[in-house]
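Trainee: Pasting in a structure now, in structure tokens, and then I'll have a few things to ask.
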Amino acid sequence: MARCRLCRNEGQRTPAEIYLPAHRLPLCREHFLVWFERYLERTIKAFRMFSRKEKILVAVSGGKDSLTLWQALTSLGYEADGLFIYLGIEEDSFSLLSRRAVEAMAERLSRPLHIVDMKSELGFTIPDLKKKTRKYCSLCGTVKRYYLNLLAKRLGYKVVATGHNLDDEASSLLGNLLNWNLKYLAKKYPVLPEEHGFVRKVKPLCRFTAREIRTYAEIRKLPYLSESCPLSEDATRPFYADIMDELEEKAPGTKLRFYLDYLRKALPLFAERKEEFLERELLTCETCGEPAVSSPCLVCRLKEEFAGAGP
Ligand code: AMP
Ligand code: FES
Ligand code: ZN
Ligand code: ZN
């Protein structure tokens, strides 16, 4: 059994319990946590995500990624508060269990947690949407993005952080590359600046695999919910993720290289001609004042539709 590299640097000979193939790094459990937080700090600095002076709003779903992010940022001394959107998914008590997980986490960290209820804000839930349209799952993403942005502004935060990880980013990059989705390829960066009514959005876990994050969450015994959304319909995501896993298995480090080389080498080329690829101009919704591609925006139209439908 290999010995922990960081223990060795300190003159000790502890057996490693965790091996990180992409980094060729054998580590003991305590040093895995040290490595994880240092690497997170380096990622935040490398992409100029935010400084220690800024208050961060972490979008927490109750899953391993966002709870790990909240914990690690807090351990590093950042001022990070949580925001949870209650989507009203009763199947398998999903929303209820998710809310319990984020509440347990807030208590553990002694940090403020903002909870918004989709039904009272908008007049409908995700299951209500499901009864009306087959596109409810992608609308769920739209509503979440809309609310994260709106609430961050309402609550006075300048930065919103989400738990997207390397597996998410590499597999969606692969899917968009296979379809030559130039609009995506020209703007997908782990930091989106504050502009046109959007707050800054960051993905600090973009260099961590799902496996590394799970290991962190398990060592720290975070109260995360392992079940994913029971209504999730996106079948292509696991498909591309499986392909990336296979590549990673055969050639460790592929996910990280694929993603980082895209950011370094390919994105600047596509970004140069971004205006040509972006389909629609950004407007301001006349009803809610939020940035949108149509006016009234999609969320306002849904709100109107459900208000007209009665209880
Ligand atoms: P997903 O698209 O479900 O993989 O979620 C991606 C990220 O969005 C998560 O890591 C969270 O940061 C955020 N997120 C997802 N669901 C919620 C929710 N109900 N409330 C707040 N943030 C969420
Ligand atoms: Fe899309 Fe749950 S409805 S992930
Ligand atoms: Zn060690
Ligand atoms: Zn609107």
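Trainee: If you take every DSSP beta bridge fully contained in the chain, what fraction is antiparallel? Give it as a percent rounded to 5. Mind dumping the intermediate values first?
Mentor: Values: 9 of 25 bridges.
Percentage antiparallel, nearest 5: 35.
Trainee: Using amide H atoms built 1.01 Å from N in the peptide plane, name the residues 5+ places from residue 159, or on other chains, whose amide H lies under 5 Å from its own.
Mentor: 57
Trainee: Could you go through segment 164-173 in sequence order and give the Karplus-derived ³J(HN,Hα) for each residue, using 6.51 cos²θ - 1.76 cosθ + 1.60 with θ = phi - 60°, rounded to whole Hz, and x for Gly and Pro?
Mentor: After applying 6.51 cos²θ - 1.76 cosθ + 1.60, I find 4, 10, 4, 4, 4, 5, 5, 6, 6, 4 Hz.
Trainee: Between segment 1-70 and segment 270-311, what's the alpha-carbon centroid distance in Å?
Mentor: Value for the Cα centre distance between the two parts: 38 Å.
Trainee: Work out the charge dipole of segment 198-311 with +1 on the Cβ of Lys and Arg and -1 on the Cβ of Asp and Glu about the Cα centre, then indicate which of 287, 209, 269 is farthest towards its positive end.
Mentor: 209
Trainee: What translational diffusion coefficient, in µm²/s and rounded to a whole number, does the Stokes-Einstein relation yield for the chain at 4 °C and a viscosity of 1.567 mPa s, taking the hydrodynamic radius as the Kirkwood radius over Cα pairs? If you can, show how the numbers build up before the last one.
Mentor: Working: Rh = 20.9 Å.
Here the translational diffusion coefficient equals 62 µm²/s.
Trainee: Find out how many positive minus negative residues lie around residue 291, taking Lys and Arg as positive, Asp and Glu as negative, among other residues whose Cβ is under 13 Å from that of residue 291.
Mentor: On the way: positive: 145, 153, 201, 280; negative: 194, 195, 281, 286, 290.
With Lys, Arg at +1 and Asp, Glu at -1, the net is -1.
Trainee: Related question: Working out 0.36 nm times the residue gap between residue 138 and residue 228, then minus their Cα-Cα distance, what length gain in nm do you get to one decimal?
Mentor: Value of the extension gain: 30.9 nm.
Trainee: On to the next question. Mind checking the full-extension length gain between residue 110 and residue 96? Use 0.36 nm per residue of separation minus the Cα-Cα distance, one decimal, nm.
Mentor: Difference between extended and current length: 3.0 nm.
Trainee: Once amide H atoms are built 1.01 Å from N in the peptide plane, which residues 5 or more positions from residue 123, or in another chain, come under 5 Å H to H?
Mentor: The list, which skips near neighbours in sequence, is empty: none.
Trainee: Can you return the lysines within cross-link range of residue 221? Criterion is Cα-Cα under 17 Å, with same-chain partners fewer than 8 residues away left out.
Mentor: 64
Trainee: Could you go through segment 27-40 in sequence order and give the Karplus-derived ³J(HN,Hα) for each residue, using 6.51 cos²θ - 1.76 cosθ + 1.60 with θ = phi - 60°, rounded to whole Hz, and x for Gly and Pro?
Mentor: Once rounded to whole Hz, the list reads 9, 7, 4, 5, 6, 4, 5, 4, 4, 4, 5, 5, 5, 5.
Trainee: Using modelled backbone amide H atoms (1.01 Å from N, in-plane), which distant-in-sequence or interchain residues come within less than 5 Å of residue 284's amide H?
Mentor: It is 292, by chain and number.
Trainee: Give me the extension gain from residue 121 to residue 243: residue separation times 0.36 nm, minus the current Cα-Cα distance, reported in nm with one decimal. Show your work: numbers first, answer last.
Mentor: Numbers: separation 122, 0.36 × 122 = 43.92 nm, distance 3.91 nm.
Full extension from residue 121 to residue 243 adds 40.0 nm.
Trainee: Also, I was wondering about something else. What dipole magnitude, in Debye to the nearest 20, does segment 154-251 give about its Cα centre under +1 on Lys/Arg Cβ and -1 on Asp/Glu Cβ?
Mentor: On the way: 15 positive and 15 negative charges, 131 e Å.
So the magnitude is around 620 debye.
Trainee: Over 25 Å between Cα atoms: which of 53/201; 135/274; 45/187 fall into that group? Working shown, then result.
Mentor: Numbers: 53/201 16 Å; 135/274 27 Å; 45/187 20 Å.
With Cα atoms farther than 25 Å apart: 135/274.
Trainee: Right, here's the next one. So what are the radius of gyration and Dmax for the Cα set of segment 1-128, in Å?
Mentor: When restricted to Cα atoms, segment 1-128 yields Rg and Dmax of 18.6, 61 Å.
Trainee: For the charge dipole of segment 44-89, defined by +1 on Lys and Arg C-beta atoms and -1 on Asp and Glu C-beta atoms about the Cα centroid, which residue among 84, 67, 46 has the Cα displaced farthest towards the positive pole?
Mentor: In segment 44-89, that residue is 46.
Trainee: So, one more: Dipole magnitude of segment 1-158 about its Cα centre, charges +1 at Lys/Arg Cβ and -1 at Asp/Glu Cβ only, in debye to the nearest 20? Don't skip to the answer; put the middle values down first.
Mentor: On the way: 29 positive and 17 negative charges, 133 e Å.
Using only the charged Cβ atoms, the result is roughly 640 debye.
Trainee: What is the packing order of peptides 84-96, 219-231, 264-276, taking the mean over residues of other C-beta atoms within 10 Å and listing the highest first?
Mentor: Numbers: 84-96: 18.0, 219-231: 15.0, 264-276: 12.1.
The densest-packed peptide leads the list: 84-96, 219-231, 264-276.
Trainee: Net charge near residue 96: determine it from the other residues with C-beta under 15 Å of the C-beta of residue 96, scoring Lys and Arg +1 and Asp and Glu -1.
Mentor: On the way: positive: 99, 100, 119; negative: 90, 91, 92, 103, 117, 227.
Every neighbour counted, the sum reads -3.
Trainee: Still on this structure, please answer the following. Among DSSP bridges having both ends in segment 1-160, what percentage is antiparallel? Round to the nearest 5.
Mentor: Working: 4 of 16 bridges.
Here the antiparallel bridges make up roughly 25 percent for segment 1-160.
Trainee: Quote the charge dipole size of the chain about the Cα centre in Debye, to the nearest 20; the model charges only the Cβ of Lys and Arg (+1) and of Asp and Glu (-1).
Mentor: Working: 51 positive and 42 negative charges, 199 e Å.
The calculated dipole for the chain is roughly 960 debye.
Trainee: In deg cm²/dmol and to the nearest 500, what is the mean residue ellipticity at 222 nm of the chain if only DSSP H runs of at least 4 residues count, each as -39500 (n - 2.57), divided by the residue total?
Mentor: Details: 15 runs with 154 residues, N = 311.
-14500 deg cm²/dmol, from helical runs alone.
Trainee: What list of ³J(HN,Hα) couplings, whole Hz, do you get for segment 215-227 from phi and the Karplus terms 6.51, -1.76, 1.60, once you set θ to phi - 60° and write x for glycine and proline?
Mentor: Values per residue, Gly and Pro as x: 4, 4, 4, 6, 4, 7, 6, 6, x, 7, 9, 7, 5 Hz.
Every read-out reported here was derived from the displayed coordinates using simple, explicitly stated rules and does not represent laboratory data. Since we're looking at a predicted model, the values are computed, not measured. Counting neighbours? That spans all protein chains shown, and the Cβs are built from the backbone with ideal geometry, glycine included.
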